[in-house]
Amino acid sequence: MLTAPPLSLYVHLPWCVRKCPYCDFNSHQARSALPFDAYVDALLADLEHDLPLAWGRTVHSVFFGGGTPSLFPAAAIDRFLQGAAARLRFAPGLEITLETNPGTAEHGRFGDYRAAGVNRISFGVQSFDDGCLRRLGRIHDGADAEAAVKLAQDAGYDNLNLDLMYALPAQSLAMAERDLELALALAPAHVSHYQLTLEPNTVFAARPPPDLPDEDLAWDMQERCQALLAAAGYAQYETSAYARPGQECVHNLNYWRYGDYIGIGAGAHGKLTLGAAQSIRRRWRVRHPTAWLATAGGAPALGGDDAVEPAQRPFEYMLNVLRLREGFLPGDFEARTGLPRTAIQAPLEQARRRGWLIEEGGRILPTALGGRFANDVMQLFLPESGTGPSTGPERDR
């Protein structure tokens, strides 16, 4: 039997000052004044449209992603949160994250965000090296990043994430280490550390930048930075996420544990378990902000609404939980997919024989070797058609 898992709320704010050449998220360059009030009204209408699918359930986290959510003033964030809290049951002290570009940080704004209820800030730093930042098309420099983090800390934030990338154009091993050392000197609670990849339909995919590190150098960067993070007291709890004890990202953990989330805003994705119907649905909104604003609150705002068929669920589940160092309990697989554990017995045995997965204390865990061959592990759980489902929403990388 399917059992409804914890529920989160994802809010997509799609505008940026400038589109980065590596970015494949649903983001759009702001070419004129942004319609803050109209967008908040549309978000609340969008939320009301999905409320019948989540009646009575408690929301455990809220995540404002983008785009650049910090382009929105605190008053707009506050009005949305008040409206959402009037429509949904918010857990006491729930985690509320706002993604922030250091180039849009202003003195005083973090205090206002905090007063609105935002209690976690995720900074898209990517690098502290000015040359790397220019090659990435970022609008900030290293000094801006450091100043923005300190502004947030001065406003009382201690739950901060820093996004860093490695294997950047013309980056050496020493430069990657230096980036991480500068990040750790700011004492964030959480670090997202991931490799630059050339995603389809991006400028970098069409015109790859010169001087990209090769695979061996990228691996050296990953190993060296993992060691630096561990030595500094940050535990790796997910493929690219590191945190001090007890400060893991609640919102992203819910994604990776195959939890549910309402997704609202232009291009937002959601996943909802409907216990009475014994079904799982993935819904997403139309991508362009203008089209979404014109239709929010009604069925035309939906870009799609698909059932996750039983044959797809093992792959969807493994695509998420095998990113986690904690692995999963077979009983959780049954509760969150509605399938018996025998549905994954054969691929589990294959993965064990190859040394990719082990069982300890009743949990199924990826080994170090399994972590290196994560894509191969997950492919064992693909349905016979060989086609996988949507990978889901945007999140801390």
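Take the conditions more than 20 Å from Arg244 (Cβ to Cβ) and over 20 Å from the mean Cα position of the chain (by Cα) and apply them to Arg138. Does it pass?
Answer is no for this residue.
Go over the candidates Arg397, Arg363 one by one and state the one that is surrounded by 16 or more Cβ atoms within 10 Å (Cβ to Cβ) and either in contact with a strand residue (DSSP E or B) (Cβ under 9 Å, 6 or more places away or on another chain) or modelled with pLDDT under 90 (or both).
Arg397
Of all helices (runs of 4 or more DSSP H) completely enclosed by region 290-376, which ones contain at least 2 residues that are free of Cβ contacts under 8 Å to residues at least 12 places away in the same chain and over 24 Å from Asn252 (Cα atoms)?
Those helices (runs of 4 or more DSSP H) span 345-353.
If you take the residues of region 186-213 that are touching an Asp or Glu at 6+ places or on another chain (Cβ under 9 Å) and among the hydrophobic types (A, V, I, L, M, F, W, C), which of them is farthest from Thr97 (Cα to Cα)?
Ala205
Of these, Leu217, Leu196, which one is in the same structural domain as Asn161 (by TED's automatic domain parsing) and buried (at least 17 other Cβ atoms within 10 Å of the Cβ)?
Leu196
When the residues of region 139-178 are narrowed to those that are in contact with a Cys (Cβ under 8 Å, 6 or more places away or on another chain) and more than 16 Å from Tyr113 (Cα to Cα), which ends up surrounded by the fewest Cβ atoms within 10 Å (Cβ to Cβ)?
Once the filter is applied, the top-ranked residue is Ala170.
What are the residue pairs meeting all of these: first residue in region 85-111, first residue in a strand (DSSP E or B), second residue basic (Lys, Arg) and modelled with pLDDT of 95 or more, Cβ atoms under 9 Å, and 6 or more apart or on different chains?
Arg89/Arg57; Glu95/Arg120; Ile96/Arg120; Thr97/Arg120; Leu98/Arg120
Please work out which one of (1) under 22 Å from the mean Cα position of the chain (by Cα); (2) over 26 Å from Lys19 (Cα atoms); (3) not β-branched (Val, Ile, Thr) is the condition Arg224 fails and give its number.
The failed condition is (1).
Check Leu160 against each of (1) closer than 19 Å to Val17 by Cβ; (2) in contact with a Pro (Cβ under 7 Å, 6 or more places away or on another chain) and name the one condition it does not meet.
For Leu160, the exception is condition (1).
Any chance you could count how many residues in region 241-273 are over 24 Å from Ala230 (Cα atoms) and in a strand (DSSP E or B)?
10
The values are calculated or read from the model by the stated rules, or taken from the named source; none is laboratory data. All figures in this text were calculated on a predicted structure; none of them were measured in a lab. Positions of Cβ are generated from backbone atoms using ideal geometry, with glycine treated the same way; all protein chains shown enter the neighbour counts.
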